[in-house]
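Below is one structure, written out as structure tokens; comments come after it.
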Amino acid sequence: MQLLHFPIVKFTIGLVIGILIGYFITIPTSVSVILFIALSILLLISYLVTHIAKSYVFVLLVILGFISLGILIFNLHDQKRWSNHYTNTAELSSEEYILHLNITKRLKPTKYYDKYEANVISIDSTLTNGTILLNVKRDSTSFRLDIDNQIFAFANIDSIHSPFNPDGFNYKAYLSDHYIYNQVFVDSKDILLTNTSRASIRGYAHSLREQIIINLKKSPLNTQEVAIIEALLLGQKQDIDKVTYHNFVNAGAIHILAISGLHVGILLLLLQFLLKPIGYLFGNTAK
């Protein structure tokens, strides 16, 4: 295959192999760091001293270096391997902890719970890290949390259950791939919203998105039209009701809702570029 003659393809394959090795085989982070540094030094010595940059040995060393890089990248991203991960501090039991959480993402709510991704700042005053699924019971006193809100919650840490139907969607595996291994269930009365917050780019983006949604809701469009626009332009699918969702499924157009605002922007710029000459044909100079 001619494609394999391109170095970037070989290096990418090596990187993917390394990530897969890190995913299926538990290799300590310290070992992956030592392995990557050792191969990098060996590559540098080989290039400077022996001048074998075009030999098969050098290419093999480079591929091995990218494999070790893939293993290292996976270990650095796998939160459960962090020494200060909350699973090393708290155990899954009926014991309740004082959790200090920072909200990082708002998820699609269910009938009974509002769902959020949150970073665990501390457990019982012990500094920790790691992402957890926060379920806040919906009732008349509940309130919606925003990105970068910091809260204290009194709750126990639960595991995420596997699907009862073996052929059903494995939500536990899905969350695990996003480095979320546990969850907490709390009532709104057990949440204390603090006055402090950690400003982040995601938080600023969330504020901008919320302002756009507010302006959309002031328009003459109905609720579901606004919800579809939110899904297409902002990637927010929480407000689409089940009837509208199933209508898209039955029409074979559910993939349209998977298109994000970035995709729409790219398509708009591409169409604008391709159709720009039409303006000159009619004597209108497009700026």
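The values are calculated or read from the model by the stated rules, or taken from the named source; none is laboratory data. Keep in mind that what you see is a predicted model, and the values were worked out from it rather than measured. As a convention, Cβ positions derive from the backbone with ideal geometry for all residues, glycine included, and neighbour counts pool all protein chains shown. Ligands, DNA and RNA are stripped out before the accessible areas are found, and what is left, the full protein with its side chains, is counted by its heavy atoms. Shrake-Rupley method; radii C 1.70, N 1.55, O 1.52, S 1.80 Å.
Values computed for the structure shown
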{"item": "All aspartates and glutamates inside 15 Å of LYS115 as judged from Cα atoms, apart from same-chain residues fewer than 8 positions distant", "result": "ASP139, ASP146, ASP148, ASP158, ASP187, ASP239"}
{"item": "Estimated distance in nm for a label pair at ASP146 and TYR280, the labels positioned 7 Å out from Cα along Cα-to-Cβ", "result": "4.7"}
{"item": "Translational diffusion coefficient (Stokes-Einstein; Kirkwood radius from C-alpha pairs) of region 43-122 at 25 °C, 0.890 mPa s, in µm²/s", "result": "142"}
{"item": "Normalised contact order of the chain, rounded percent, pairs of Cα under 8 Å and 6 or more residues apart", "result": "12"}
{"item": "Top of PRO166, PRO109, PRO28 by mean-square fluctuation, Gaussian network on the chain, Cα under 10 Å", "result": "PRO166"}
{"item": "Kirkwood estimate for the chain, i.e. one over the average of 1/r between Cα atoms, Å", "result": "23.4"}
{"item": "Set LYS111/LYS217; LYS189/LYS242; LYS189/LYS237; LYS111/LYS172; LYS172/LYS242; LYS108/LYS172 screened for pairs whose C-alpha atoms are more than 21 Å apart", "result": "LYS111/LYS217; LYS189/LYS242; LYS189/LYS237; LYS172/LYS242"}
{"item": "Förster-model FRET efficiency, 51 Å R0, ASN250 and VAL31, C-beta, rounded to 0.05", "result": "0.50"}
{"item": "Full-stretch length increase - ASP190, LEU20 - with 0.36 nm per residue and alpha-carbon distance subtracted", "result": "57.1 nm"}
{"item": "Portion, in percent, of the accessible area of region 191-234 that falls on carbon or sulfur, probe 1.4 Å", "result": "62"}
{"item": "Among VAL59, VAL186, VAL49, residue whose mean-square fluctuation peaks in a GNM of the chain (springs only between Cα atoms under 10 Å)", "result": "VAL49"}
{"item": "Protein accessible area in region 40-147, 1.4 Å probe - carbon and sulfur %", "result": "61"}
{"item": "Region 21-73: mean projected area of Cα convex hull, nm²", "result": "3.5"}
{"item": "Region 122-176: radius of gyration and largest Cα-Cα distance (Dmax), Å", "result": "14.6, 41"}
{"item": "Span per principal axis, largest first, for the Cα atoms of region 6-47 (Å)", "result": "31, 25, 8"}
{"item": "Selected from LEU133, LEU43, LEU267 as most flexible by GNM, with the chain as the system and alpha-carbon contacts under 10 Å", "result": "LEU267"}
{"item": "Cα-centre dipole for the chain with unit charges at Cβ (Lys and Arg positive, Asp and Glu negative), debye to 20", "result": "980"}
{"item": "Where region 1-145 is the region considered: accessible area per residue in Å², 1.4 Å probe", "result": "61"}
{"item": "Region 150-287: C-alpha pair distances exceeding 24 Å, %", "result": "61"}
{"item": "Qualifying trypsin sites (Lys or Arg not before Pro) for region 94-182 [loop in DSSP, other Cβ within 10 Å: at most 16]", "result": "LYS111, ARG138, ARG144"}
{"item": "Separation of the TYR174 and ARG202 label points, Cα + 7 Å toward Cβ, nm", "result": "1.8"}
{"item": "At 0.890 mPa s and 25 °C, Stokes diffusion of region 26-166 via Kirkwood alpha-carbon radius, µm² per second", "result": "132"}
{"item": "Taking only Cα atoms of region 85-128, radius of gyration then Dmax in Å", "result": "12.1, 34"}
{"item": "Difference of contour (0.36 nm per residue) and Cα-Cα distance, GLU96 to GLN211", "result": "37.7 nm"}
{"item": "Helix-only mean residue ellipticity at 222 nm for the chain, each DSSP H run of n ≥ 4 adding -39500 (n - 2.57), per residue, nearest 500", "result": "-13500 deg cm²/dmol"}
